[in-house]
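This report refers to the structure that appears directly beneath it.
The values are calculated or read from the model by the stated rules, or taken from the named source; none is laboratory data. Nothing here was measured: the structure is a model prediction, and the numbers come from that model. Don't worry about glycine lacking a Cβ; one is built from the backbone with ideal geometry, like all the others, and counts go over all protein chains shown. Protein only, heavy atoms only, side chains kept; ligands, DNA and RNA dropped before computing areas. Shrake-Rupley method; radii C 1.70, N 1.55, O 1.52, S 1.80 Å.
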Amino acid sequence: MNAIRQHLIDPEICIRCNTCEETCPLNAVTHDDENYVVDAEKCKFCLDCITPCPTGSINNWRVVDRAYSLEEQFSWDELPGEDDRTPADSSDDSLSEANELEVIEILDVAHSGQGGRVKPPFSAAHPYINLYDRGAPVVATVVGNYRITDSNFESDVHHVVLDFGTSFFPVLEGQSIGVIPTGTDASGKPHLMRLYSVASPRDGERPGHNNLSLTVKRVVYEDAGNTVRGVASNYLCDLNKGDKVQVTGPFGSNFLMPNHAGANILMICTGTGSAPFRAMTEYRRRHMPFAEGKLKLYFGARTPEELPYIGSLNKLSDKFIDKQLVFSRLPEAPREYVQDRMMSESSELLELMRSVETYVYICGLKAMEQGVEDAFARVSEEGGENWSDLKQQMMQSGRYHVETY
Ligand SMILES: Cc1cc2nc3c(=O)[nH]c(=O)nc-3n(C[C@H](O)[C@H](O)[C@H](O)COP(=O)(O)OP(=O)(O)OC[C@H]3O[C@@H](n4cnc5c(N)ncnc54)[C@H](O)[C@@H]3O)c2cc1C
């Protein structure tokens, strides 16, 4: 039986502000005296309504065997359960829809640290999203694949360049793409796609070319005495020039850089979390090298040899970007993490945090999130500011963004 994905509005949270109905380009959103609802026959999942919704009530999805009608939705006091109308076999035919749903869920988890959905910066360019899905991916060609961490060290991170030829695949700094590894999983089903942040600016890894780069860390770990290799990261790290890759996306409509030159961009990352910041920094370097807004980067790694892009980062002048490279495993030095460096220069950081021109981005492993958040709270407290108020203000104005995985 075919499964379909249905977009629904949570009647318990919706404040009936009409924003979704005004935003929808297809008139798929409508309302009666009780509820705002989405017409499954009209909705094409453009997601234009998602970001403007002030409550997040718009961001609800179900995989169902038959769509809930408008009448049914008008009668709801609450959303039906996740499995109320899920078909027993929702696998093959529905792969495409289920996969889009999965991307939304993956991104929701990745962005959960910012405390909910936030707006993009007011000056961000409008992103294209969901142009290609699992059912109809775009095929890219590998034009480069280089290890960018020292081969004597454990961390194996690759810079992978994909070319899209004549296919339309526009991306913005901060967006991600989906990669579908070849082959099947243990149960014989095609592998799920994995998301990877775009590491190059919108005009290409090579300016003016229809290509982009990714920063991929090879995942290898021990499990019950066995060495396990991550499916997609190893697939990507082992690709050769000329290989073809199935790509979906682009994805992501709020972790985007401000376009105006007055914006300060405060970037905090570890490991491959540097990918979107390479893209943003390179965009500024190419197009606004003398912008009045500051660029500041806190970048944590165990050692300099394991810090992706350290060579090119070191070439950027201190005038252009304030780089705080922080290492936790230097011989004969105390362990230092990004949050420690944030604390040790708290007055400068506080000044930036107080500016309405400052846009904060945190990216990397989930494990870094709490430490960074705590550092923000302590810096605020020491400066007499209330961090939760400040964070709230930043979120409401599209100035606080977290993407961790
Ligand atoms: C928005 C977003 C952007 C992302 N951007 C990037 C990026 O730019 N670069 C990048 O490299 N990755 C990025 N990722 C992560 C990426 O999508 C994959 O999750 C990652 O590459 C692992 O996929 P895999 O197929 O290699 O591993 P899988 O085959 O999926 O295996 C990973 C599994 O291994 C487990 N695991 C991983 N490490 C260990 C360990 N040390 N010990 C025990 N278990 C472990 C995990 O819990 C998971 O179950 C991003 C994720 C998101 C959500």
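Given axes a ≥ b ≥ c from the Cα gyration tensor, I'd like to know whether the stretch 204-361 is rounded (a/c under 1.5), prolate (a/b larger than b/c) or oblate. It comes out oblate by the Cα gyration axes.
Stretching H126 away from T55 to a fully extended chain increases their span by 23.4 nm, per 0.36 nm per residue minus the current alpha-carbon distance. If R0 is 35 Å, what FRET efficiency do you get for D108 and K244 from their C-beta distance, rounded to 0.05? Efficiency computed from Cβ-Cβ geometry: 0.70.
Working from label points 7 Å from Cα in the Cα-to-Cβ sense, the E336 to N234 distance is 3.7 nm. Which trypsin sites (Lys or Arg not before Pro) in the stretch 270-372 sit in a loop by DSSP (not H, G, I, E or B) and have at most 14 other Cβ atoms within 10 Å of their own Cβ? Of the trypsin sites (Lys or Arg not before Pro), the ones in loops of the stretch 270-372 whose Cβ has at most 14 other Cβ atoms within 10 Å are K319, R329, R335. In straight-distance terms, cross-link reach from K391 covers every one of the lysines whose alpha-carbon lies under 22 Å from its own, apart from those fewer than eight places away in the same chain; here that gives K119, K294, K296, K366. Close amide H pairs (under 5 Å, H built 1.01 Å from N) link W61 with L8, residues at least 5 positions away or on another chain. Residues in the chain average 46 Å² of solvent-accessible surface per residue, probe 1.4 Å, ligands and nucleic acids excluded. Dividing the summed helix terms, -39500 (n - 2.57) for each DSSP H run of n ≥ 4, by the number of residues in the chain produces a 222 nm estimate of -6500 deg cm²/dmol to the nearest 500.
Using the Cβ-Cβ distance between A136 and T184 with R0 set to 25 Å, the FRET efficiency works out to roughly 0.80. Calculate how many DSSP beta bridges within the chain are antiparallel, expressed in % of all such bridges and rounded to the nearest 5. So the antiparallel bridges amount to about 65 percent of the total. Angle of helix 369-382 to the longest C-alpha principal axis of the chain, folded into 0 to 90 degrees and rounded to 10: 70°. Compared with the alpha-carbon gap, the fully stretched path from R147 to T23 is longer by 40.2 nm at 0.36 nm per residue. Taking 22 Å as the limit for the C-alpha separation, the pairs K189/K244; K217/K244; K189/K241 exceed it in the case of K189/K241. For the stretch 302-350 versus the stretch 1-42, the spacing of their alpha-carbon centroids is 46 Å. For the chain, the extents of the C-alpha atoms along the principal axes are 67, 52, 47 Å, listed from largest to smallest. Shape annotation for the stretch 4-114: C-alpha extents along the principal axes are 38, 34, 25 Å, from largest to smallest. Across the stretch 341-357, computed HN-Hα scalar couplings (Karplus, 6.51 cos²θ - 1.76 cosθ + 1.60, θ = phi - 60°) run 5, 4, 5, 6, 10, 5, 5, 5, 5, 4, 4, 5, 4, 6, 7, 6, 8 Hz from first to last residue, x flagging Gly and Pro. Here's how it looks for T358: its modeled amide H is under 5 Å from those of N264, which are all 5 or more places away or on a different chain. Within the accessible surface of the chain, defined with a 1.4 Å probe on protein heavy atoms only, the carbon and sulfur portion equals 50 percent. The label-point distance for I13 and E385, in a model that sets each label 7 Å from Cα toward Cβ, rounds to 2.7 nm. For T166 and T86, a Förster radius of 41 Å and the Cβ-Cβ distance give a FRET efficiency of 0.55, rounded to the nearest 0.05. Can you list which of the GluC sites (Glu not before Pro) found in the stretch 312-388 are DSSP loop residues with at most 12 other C-beta atoms within 10 Å? Sparse-neighbourhood loop GluC sites (Glu not before Pro): E332. Sort out for me the Cα centre separation of the stretch 205-258 from the stretch 261-299, rounded to whole Å. Taking the Cα centre of each part, the stretch 205-258 and the stretch 261-299 sit 21 Å apart.
Taking every C-alpha pair closer than 8 Å and separated by at least 6 residues, the mean separation divided by the residue count of the chain gives a relative contact order of 16 percent. Here the Karplus curve 6.51 cos²θ - 1.76 cosθ + 1.60, taken at θ = phi - 60°, turns the phi angles of the stretch 68-77 into couplings of 5, 6, 4, 4, 4, 5, 4, 8, 6, 9 Hz, with x standing for Gly and Pro.
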